[in-house]
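The values are calculated or read from the model by the stated rules, or taken from the named source; none is laboratory data. Not measured: the values here are computed from a predicted model. Don't worry about glycine lacking a Cβ; one is built from the backbone with ideal geometry, like all the others, and counts go over all protein chains shown. To get the accessible areas, we keep the full protein, side chains included, count just its heavy atoms, and leave off ligands, DNA and RNA. Shrake-Rupley method; radii C 1.70, N 1.55, O 1.52, S 1.80 Å.
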Amino acid sequence: MGFHFPGEFGPEILSHREDYATEKAHSEALDLVLGFDIPEVERRVKARAGREASLSDAQLWEHLSPNVFQTPYSEISRILREMAPPPGSRVVDLGAGYGRMAFVVEAFFPQVEFVGYELSRERVAEARRVFALRGLERSAIEEADLGSPAFAPQAAGYYFLYDFGTRAAIEKCLDDLGRISRSGPLVVAARGRASRDAIERGRPWLSQVHPSQHFAHFSIYRS
């Protein structure tokens, strides 16, 4: 497999929608083409988690294969098309992993900015390396503990919320978005049972203002 980014990246991911296992395998192949060395980075993540007791309560997912917690590029494309961020807007990924969403944003959505937040410094460093390698100009990824009281995400109109950590951390992150929503409407794509349940049960400002859109692995909410 070989292509030029971003020109051939979009058609490449749009061509793979057979089934979820195939989408995941295809995304792993794209990671290699883009230049990621995810197995080595995950080895370092796991090694540091083993050395530092302070990480025991922080969910780095180092015990899982990256194939489990990474969202396939083709699904990211579907999520963003449903969110439909316009030129000049910002998309924020809460629990960004290796920043896969940045590549889809830059390939499909001209003049849209991407900001990702990820707990693992190793994944952040690798994402930044590949962003630079592929010439991403509108994307940034930052190391952040989303559950920390000291953290607050950048204001944006569009958020992707993954089941990145504990239920308490997800609830705290949604409280952050609630404060941001007081300044303007938000679109939130939630992926995973915990994030969607937290919104449905306790965030009427997000789940009951407009009809929600539900898909196999994610839901779209609008405040």
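Determine whether Tyr221 is over 19 Å from Glu106 (Cα atoms), open to solvent by less than 70 Å² (accessible area, probe 1.4 Å), without any contact (Cβ under 8 Å) to a residue 40 or more places away in the chain and of a type in the set (Phe, Trp, Tyr). Judged against the criteria, Tyr221 is a match. Within this structure, Ser27 fails the test of being modelled with pLDDT under 95, open to solvent by 40 Å² or more (accessible area, probe 1.4 Å) and outside any loop (DSSP other than H, G, I, E, B).
Is it the case that some residue within region 207-223 is part of a loop (DSSP other than H, G, I, E, B), closer than 28 Å to Lys24 by Cβ and of a type in the set (Ser, Thr, Tyr)?
yes
Is it the case, given these coordinates, that Asp163 is charged (D, E, K, R), open to solvent by less than 10 Å² (accessible area, probe 1.4 Å), in contact with a helix residue (DSSP H, G or I) (Cβ under 6 Å, 6 or more places away or on another chain) and in contact (Cβ under 8 Å) with a residue 12 or more places away in the chain? No, not satisfied. Of the residues making up region 101-112, those that are open to solvent by 10 Å² or more (accessible area, probe 1.4 Å) and touching a residue at least 40 places away in the same chain (Cβ under 8 Å) number 3.
Is it the case that Glu171 is part of a loop (DSSP other than H, G, I, E, B) and among the acidic types (Asp, Glu)?
Considered against the rule, which asks whether it is part of a loop (DSSP other than H, G, I, E, B) and among the acidic types (Asp, Glu), Glu171 comes out as no.
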